[in-house]
1. Along its three principal axes, how long is the stretch 40-278 when you only count alpha carbons? Whole Å, largest extent first please.
2. Holding the Cα-Cα limit at 28 Å, pick out from LYS56/LYS616; LYS24/LYS280; LYS110/LYS280; LYS280/LYS386; LYS164/LYS261; LYS188/LYS226 the pairs that are longer than that.
3. Say the dipole of the stretch 40-278 comes from +1 at the beta carbon of Lys and Arg and -1 at that of Asp and Glu; which of VAL82, VAL63, TYR122 then lies farthest toward its positive end?
4. Can you give me the C-alpha center-to-center distance between the stretch 55-124 and the stretch 126-177, rounded to a whole angstrom?
5. What percent does the relative contact order of the stretch 1-93 come to when contacts are Cα pairs within less than 8 Å and at least six residues apart?
6. Once phi is turned into θ = phi - 60°, what whole-Hz ³J(HN,Hα) does the Karplus curve with 6.51, -1.76 and 1.60 give for every residue of the stretch 356-373, x standing for Gly and Pro?
7. When the dipole is taken about the Cα centre of the stretch 40-278, and only Lys, Arg (+1) and Asp, Glu (-1) are charged at their Cβ, what size is it in debye, to the nearest 20?
Amino acid sequence: MKFAYKFSNLLGAFYRHGNLSFSKDGNSVISPVGNRISVFDMKNNRSETLPVSTTKNITCFGVSPDGNLAILIDEDGAAILVSLVTRAVVYHHHFHNPVHSVSFSPDGRKFVITKKNVALMYDAPGKNREFNAFALEKSYYGPFDETTCINWTDDSKCFAVGSKDMTTWIFGAERWANLIYYSLGGHKDIIVGCFFEKDSLDMYTVSQEGTLCVWESDTELEGLRKGPKYSESEDDVIKGSAETPKEVEGIKNVHYSLRSKHYFNKEGDFNNLTAAAFHKKTHILVTGFASGAFHLHEMPEFDLIHSLRYYSYNQVFFLRAQQCAILCYNFLRLFYVKGLGQLLVWEWQSESYVFKQQGHFNNMNSLAYSPDGQYLVTGGDDGKVKVWNTNSGLCFVTFTEHSSSVTNVAFSSSGFVVVSASLDGTVRAFDLHRYRNFRTMTSPRPAQFSSLAVDSSGELVCAGSQDSFEIFLWSMQTGRLLEVAKNSVLCNSLLLVQVLSGHEGPVSNLCFSPVQSVLARLAVTYRPDGQELAVACLDGEITFWNPQAGGQTGCVVGRHDLQMGRKETDKITAKQSAKGKSFTSLCYSADGESILAGGQSKFVCIYNIKEQILMKKFEISCNLSLDAMEVLACLYSLQI
């Protein structure tokens, strides 16, 4: 058996937190998902998750203008430089504080990150022959509160930084004689976005209470004059001195004036403004609100072009507009993400969706592969059953008939029928040809189903109840209930074959024999030839049984392989908590010589059944933002 497994793709989530970006050609969307980055190719309808990850969830990232490099920054300020060409980590860096935003200059020679109330400008990696890929050039102080956004002029001469102190600060990226810094006010709430006009120093600033300020500069970009090398006092101005820089003889300082002021919430129909984006070529400003609405305005006249309310109860987290070419036509795209884990690209001119995907917005409880391995079905606490294409990594159908959590899902042997069990007391069968719920199976008395199995012929469906501790058996063709079994482990459709032990708890798992209509319950799985049965016990052991003789043939002790840290809500130590861990899912290898086991742990283990030893242990995730992910190691000192 080979063990050269490597990460392939991440399914089930499209967006979690942070900013978003388009690729250079505009055909792909780059989205952070937890501590990883996924690229969604809208032209070829495929997705790919980069094989790199940060230590914690990604809060912001920036992509270079040429599309070759990306900087990923997590919650603690730890950053990695990633090549989008080779998909490899190039450099590691730590900013020692949470970073709010990062942005490359349009010429790709510099990038700025903001943390606390300071903006730090670095030389972009690869532009200079530096051993340190993150070479700090300048530190810019000015805001009195945390920074929120960054925007550059088209020629990379200046950049603006918005802040929670309701001001926007404009800094010179080079040593200009007539511009060192400039502060803009006019707002009564947090700055959500600040944007330069195309080839100009004119600005638009948008705040959370729904106010837009249009600022006009008396100086063109060409009017910026190179100044002498900074003296020590001038350098202090950049680093936060309250003294305003004096005019250089013969050169007038840059000055801003408020041209106009506009309000989005005139009628009070919308809540706080949560996101904004500006497209310089078309002069279109896009704003999103907590109510789920967004507006398109043409600037600087503030003419409303389009208004849409997608949902009335979810927050728009991020908006992004970008000009791109598809099929020889230019479209203005709006990238729209909602709190339900939805990723949506909308073309406003035709009012149609270019790309639309949504994962489970609650916990995912179960999954199952189709017999040919081309599809994957998942069920979650949101009551949805979703079917995914494993090649493209995208969901192509979602069933929403369940009214409560979906606890288990399974494919029929043909691969064209999906069966799901739910806490709403129903077991439903879905047709993947017509995409419909063609069979709904219920019990005589209300029951919450927690386990599910379909036999090899696809004619029998059984489900276990977590409240009455019963197993119900239905016919797939008629949907009629055939049998109710109590306190049994092995049974056929109408006749109890053998009772290994009685159970007085919920039925946690069900499995049909692959060679005959024999059913097993517990956390179990059959070997592919049906001659062996593996059972996961609550003490962390995996026991192996002969189904015909009913005798135990082997045992694997895996308690110590389920390493796990201490949860925030735990009242006991991690060591004591580990004693109660067990495997909850089992799967035989194709040759039946090994077994794959997983449980409440970040590790998945492969055991050799004959030798009863651990052969390989895989770490599913290293994301420390998840609870109890960090495993504490004990150090002992030995004296000889």
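Please treat every number below as a calculation from the coordinates, not as lab data. The shown structure was predicted, so the numbers you read here are calculated from the model rather than taken from an experiment. No Cβ is skipped: glycine too gets one built from the backbone with ideal geometry, and neighbour counts run over all protein chains shown.
1. 53, 52, 33
2. Listed pairs above 28 Å: LYS280/LYS386; LYS188/LYS226.
3. The one lying farthest along the dipole's positive direction is VAL82.
4. Answer, in whole Å: 13.
5. Reported relative contact order: 19 percent.
6. 8, 9, 8, x, 6, 9, 10, 4, 8, 9, 7, 8, 7, 8, 6, x, 8, x
7. It comes to approximately 420 debye.
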